[in-house]
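Colleague: Okay, handing you the structure first.
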């Protein structure tokens, strides 16, 4: 707890983002030393004058112990890059948030997550498509991630809850400030059946500039992003763009070519996003089958050193077992037997000719309306 307060402190300082967090850690070896460092030493890390002034002002103005008391009173868990509980998929995106505030609970099964996002001005068609897709994904063991905005986002969260599934809402504000305010009951239900997540410090207001960076967390927590309904300037398209940058799949539900609320999704399809007509399209593309079985196997037989070694040599590009053996220095017998177990766990999959790629995490039998 004593170390976390320095992460919380730096997260409050304006102008200290992921790159500067890393520079401070590299230079000082820890954030306590960085927090207490004089200005001349901070300058050696590459911080500019404005960031240094902001840091000096913040540490003179706030009490870190008081900030941690606020966090505790709010019932919030703080996760940092250094925590094992930090979401693994989010950890590997570009500029992952150094600090996450979590209300509720993030679980290992949330690795099987899909984002469902869209316009705030949802039509009846968009809401019904969202209810069907998000609900059926949740029934298939998939965690639904969204931004709790009006329209499609709220519908996605509600559909997951009604299906008895898990859902995660990513805020563009402090976790103690629910936006929009009419979603307070929804936020409470999400915290009880999933998690509320933000990178913003307690008390941060939902300013417009907060939401585009927030969207990288929505996609970063997910295996893929489904855009149900969106205009050409919808924030949901920013989430789809982040998905592409992060190596996640982008999906879009087609809509009326004459309705402006479908122009963004139709254009996504035109640009290569995968067209969604049913939940099967998402489950098949992401290989989301047998989630519960794979989770059980992983729990009984956790990842070992040999699997960790092989994972360093397997990506989304097919690689032959012989090449894996050469790169890893393991025998073919070791490689093939380990890959067989990894395939059972849903960690990798064979794509023909003894070539393997990283799996998109599991699959279950379809549950449809």
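Colleague: Select from region 80-92 the residues that are touching a strand residue (DSSP E or B) at 6+ places or on another chain (Cβ under 8 Å) and either more than 21 Å from residue 217 (Cα to Cα) or without any contact (Cβ under 8 Å) to a residue 24 or more places away in the chain (or both) and list them in ascending order.
Modeller: 85, 86
Colleague: On the basis of being out of contact with any strand residue (DSSP E or B) (no Cβ under 6 Å at 6 or more places or on another chain), over 20 Å from residue 32 (Cα atoms) and in a helix (DSSP H, G or I), does residue 67 make the cut?
Modeller: So residue 67 fails the test.
Colleague: A further question on this structure: How many residues, within region 138-175, are within 14 Å of residue 119 (Cα to Cα) and not in a helix (DSSP H, G or I)?
Modeller: Within region 138-175, residues that are within 14 Å of residue 119 (Cα to Cα) and not in a helix (DSSP H, G or I) number 6.
Colleague: Does residue 191 meet the test of being over 20 Å from residue 17 (Cα atoms) and surrounded by fewer than 21 Cβ atoms within 10 Å (Cβ to Cβ)?
Modeller: The answer is yes for residue 191.
Colleague: Next question. Out of curiosity, is residue 187 in contact (Cβ under 8 Å) with a residue 24 or more places away in the chain, in contact with a strand residue (DSSP E or B) (Cβ under 9 Å, 6 or more places away or on another chain) and assigned to a helix (DSSP H, G or I)?
Modeller: So residue 187 passes the test.
Colleague: Residues of region 308-331 being surrounded by fewer than 13 Cβ atoms within 10 Å (Cβ to Cβ) and at pLDDT below 90, which ones?
Modeller: Listed by number, the residues that qualify are 308, 312, 315, 316, 317.
Colleague: Evaluate region 78-90: report whether one residue or more is closer than 17 Å to residue 170 by Cα, surrounded by fewer than 18 Cβ atoms within 10 Å (Cβ to Cβ) and in contact with a helix residue (DSSP H, G or I) (Cβ under 8 Å, 6 or more places away or on another chain).
Modeller: yes
Colleague: Now, a different point. Return the residue satisfying two criteria in turn: it lies in region 314-350 and is touching a residue at least 40 places away in the same chain (Cβ under 8 Å) and assigned to a helix (DSSP H, G or I), and of such residues it is farthest from the chain's Cα centre (by Cα).
Modeller: Within region 314-350, the match that is farthest from the chain's Cα centre (by Cα) is 341.
Colleague: Determine whether residue 207 is within 30 Å of residue 10 (Cα to Cα), modelled with pLDDT of 95 or more and either surrounded by fewer than 19 Cβ atoms within 10 Å (Cβ to Cβ) or out of contact with any strand residue (DSSP E or B) (no Cβ under 8 Å at 6 or more places or on another chain) (or both).
Modeller: No; evaluated as a whole, the condition is false for this residue.
Colleague: I need the full set of residues from region 93-130 which are without any contact (Cβ under 8 Å) to a residue 60 or more places away in the chain and in contact with a helix residue (DSSP H, G or I) (Cβ under 7 Å, 6 or more places away or on another chain), in order please.
Modeller: Scanning region 93-130 gives a single hit, 127.
Colleague: Do you know which residues across region 225-257 are surrounded by fewer than 23 Cβ atoms within 10 Å (Cβ to Cβ), in contact (Cβ under 8 Å) with a residue 60 or more places away in the chain, under 15 Å from residue 272 (Cβ atoms) and in contact with a helix residue (DSSP H, G or I) (Cβ under 9 Å, 6 or more places away or on another chain)?
Modeller: 245, 249
Colleague: Among the residues of region 157-169, how many are crowded, with 24+ Cβ neighbours inside 10 Å and either without any contact (Cβ under 8 Å) to a residue 12 or more places away in the chain or within 13 Å of residue 183 (Cβ to Cβ) (or both)?
Modeller: 3
Colleague: Test residue 247 against the criterion of being over 25 Å from residue 90 (Cβ atoms) and in the same structural domain as residue 150 (by TED's automatic domain parsing), and give yes or no.
Modeller: Spelling it out, it is not the case that residue 247 is over 25 Å from residue 90 (Cβ atoms) and in the same structural domain as residue 150 (by TED's automatic domain parsing).
The values are calculated or read from the model by the stated rules, or taken from the named source; none is laboratory data. Please read all numbers here as calculations on a predicted model, not as lab measurements. Please note: Cβ atoms are built from the backbone with ideal geometry, for glycine as well, and neighbour counts cover all protein chains shown.
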